[in-house]
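The block underneath contains the structure these notes are about, expressed in C-alpha cells.
The values are calculated or read from the model by the stated rules, or taken from the named source; none is laboratory data. This is a predicted model, so every value here is computed, not measured. Glycine gets a Cβ as well: all are built from the backbone with ideal geometry, and neighbour counts include every protein chain shown.
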Amino acid sequence: MVILVTGGAGFIGSHVCDELLAKGKEVVCLDSLNDYYSPKAKINNILHNLKNDKFHFLTNNIREKHKLDHLFKKFNFEGIIHLAARAGVRASIEDPLAYKATNVLGTVNLLQSAKEFGVKNFVFASSSSVYGDSAQVPFSEDDQKVGRPISPYAASKASCELFAYNYSQMFDLNVTGLRFFTVYGPRNRPDMAVYKFAESIDQGKPIELYNNGELQRDFTYVKDIVDGTLSAYEKNNWNYEILNLGNSKPIKTKYLVELLEKNLGKKATITSPVKPKTDLDTTHADVSKAKRLLNWEPKTSIEEGIAKFVDWYKKSKTN
Ligand code: NAD
C-alpha cells in the first residue's frame, strides 16, 4: 500500500517523505514544483530519494482533478498526507486567486478523490494563521472565534478546514487537520523570517524586524512537526479532529536574531518598520490536545533548533 504525500518536494513535505521511507513505507511524492521559490531547491530536497524503488516522484498539479483521478486509479493509496499549498501570508495579499485555486480547489479535489476512491485516511496541513488576531492566547482548538482570518492565506486554510469537516461528515472519512506553528529547520522555505534573517545577516544586509522585535512567534522545529504529522497519520481513526502542532514556547523575534547572530558569528543590521496588518502580534500553541490524542510533544528547544538550521544553511551555501 502506498501513501500519497502532496507537496512532497517542499520544505516540510520532503522531510515527511524521508521519514516515511525510513519506516519502510512506499510513497508517491506529488509536487508541481511551482516557482513560488526555486524549483531547483525543491528538486535538491528529494534528489537523494530518486533512486529509491519505494519513492515515486510525480510533478502533478492538485488543481487538475482528472490527473488526480488517473493517479488514484494507478496507485492503491492507503492514505493521504496533504501538504501542497501556496504558503506565505504576505504573498497571499498580492495574489489571493492563486491561494484560492491551489489551497481551496486543490484541497477539495483531493477530498473528492479520497471519497471516490475509498481512501479514508486524510491528514492535511492547516495553519496557526487561522486563529486571526482575536483568539485567546495560548491558541486552543476549542476557540470558537476562529474563522475571522486576517489574510487570504489564512482564509484559504480556514476554508480547507471547513471543506474537510464537511467531507468527513458526508462521506465518513477519517480527517485530521494540523495547525502548524511557524516551522523552521533544514530545507527551510527561503521566504520565511528565519531564512531571510539568516541570509541577510550572513551577507551584511539590513533586516526588517517589525515592532523592534517585540512580536512573538512559536517557532517549531521541523522534525517535531514531522513526528506529529506521522503520529496523526498513524492514529487517525476518528471522524474529524483539528490539532495544534507548535513548540508552545513563543519567543520574541529579537531573540531569534540574537540566536542567528551567535550561530553565524556575525552581527545584524536592523531596521524596524511597523508590522503589516496581516501579521499577528503573537502565536502560541496550546498543545494539550495533540499530547492527549497523539501522545506528541515538541522536543527541540529554539537554541538547539537554530543551531541545526544554521549548520544546514552554511552547508547549503557551499554546495
Ligand atoms: P513549501 O512551499 O515548501 O511546500 C509546499 C509544496 O507544495 C511546494 O513544494 C510546492 O511546489 C507544492 N505545490 C504548491 N502548489 C501546488 C499544486 N497546485 N499542486 C501540487 N503541488 C503544489 O511549504 P512548507 O513550508 O513545506 O508548507 C507545507 C504545508 O504546511 C503547506 O500546506 C503550508 O501551508 C503549511 N504550513 C506551513 C507552515 C510553515 O511554517 N512552514 C506553517 C503553517 C502551515
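Values for this structure:
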| read-out | value |
| --- | --- |
| Region 193-212: number of residues that are without any contact (Cβ under 8 Å) to a residue 24 or more places away in the chain and either near the ligand (Cβ under 8 Å from one of its atoms) or more than 23 Å from the chain's Cα centre (by Cα) (or both) | 1 |
| Breaking point among (1) in contact with a helix residue (DSSP H, G or I) (Cβ under 6 Å, 6 or more places away or on another chain); (2) within 19 Å of residue 100 (Cα to Cα); (3) of a type outside the set (Gly, Ala, Ser), for residue 165 | (1) |
| Filtered residues of region 73-91 (kept if in a helix (DSSP H, G or I) and either closer than 14 Å to residue 5 by Cβ or at pLDDT below 95 (or both)) | 89, 90, 91 |
| Single residue of 119, 130, 123, 104 found to be in a loop (DSSP other than H, G, I, E, B) and either acidic (Asp, Glu) or within 27 Å of residue 236 (Cα to Cα) (or both) | 119 |
| Positions within region 108-149 being under 23 Å from residue 90 (Cα atoms), surrounded by 20 or more Cβ atoms within 10 Å (Cβ to Cβ) and among the β-branched types (Val, Ile, Thr), in sequence order | 130, 146 |
| Single residue of region 150-173 satisfying the filter (surrounded by 21 or more Cβ atoms within 10 Å (Cβ to Cβ) and part of a loop (DSSP other than H, G, I, E, B)) that is nearest to the ligand (Cβ to nearest atom) | 151 |
| Selection within region 3-29 - within 14 Å of the ligand (Cβ to nearest atom) and among the aliphatic types (A, V, I, L, M) | 4, 5, 9, 12, 16, 28 |
| Qualifying residue in region 212-229 (condition: among the polar types (S, T, N, Q), closer than 16 Å to residue 192 by Cβ and part of a loop (DSSP other than H, G, I, E, B)) | no |
| Residue match in region 275-295 (condition: more than 26 Å from residue 138 (Cβ to Cβ) and surrounded by fewer than 16 Cβ atoms within 10 Å (Cβ to Cβ)) | no |
| Among (1) within 15 Å of the ligand (Cβ to nearest atom); (2) surrounded by fewer than 21 Cβ atoms within 10 Å (Cβ to Cβ); (3) farther than 21 Å from residue 18 by Cα - the single one residue 47 does not satisfy | (3) |
| Condition check for residue 63: at pLDDT 95 or above and crowded, with 19+ Cβ neighbours inside 10 Å | no |
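Every residue, every condition in (1) in contact (Cβ under 8 Å) with a residue 12 or more places away in the chain; (2) among the aromatic types (Phe, Trp, Tyr); (3) under 14 Å from residue 9 (Cβ atoms); (4) within 14 Å of the ligand (Cβ to nearest atom), yes or no:
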residue	(1), (2), (3), (4)
42	yes, no, yes, yes
51	no, no, no, no
61	yes, no, yes, yes
72	yes, yes, no, no
87	yes, no, yes, yes
92	yes, no, no, yes
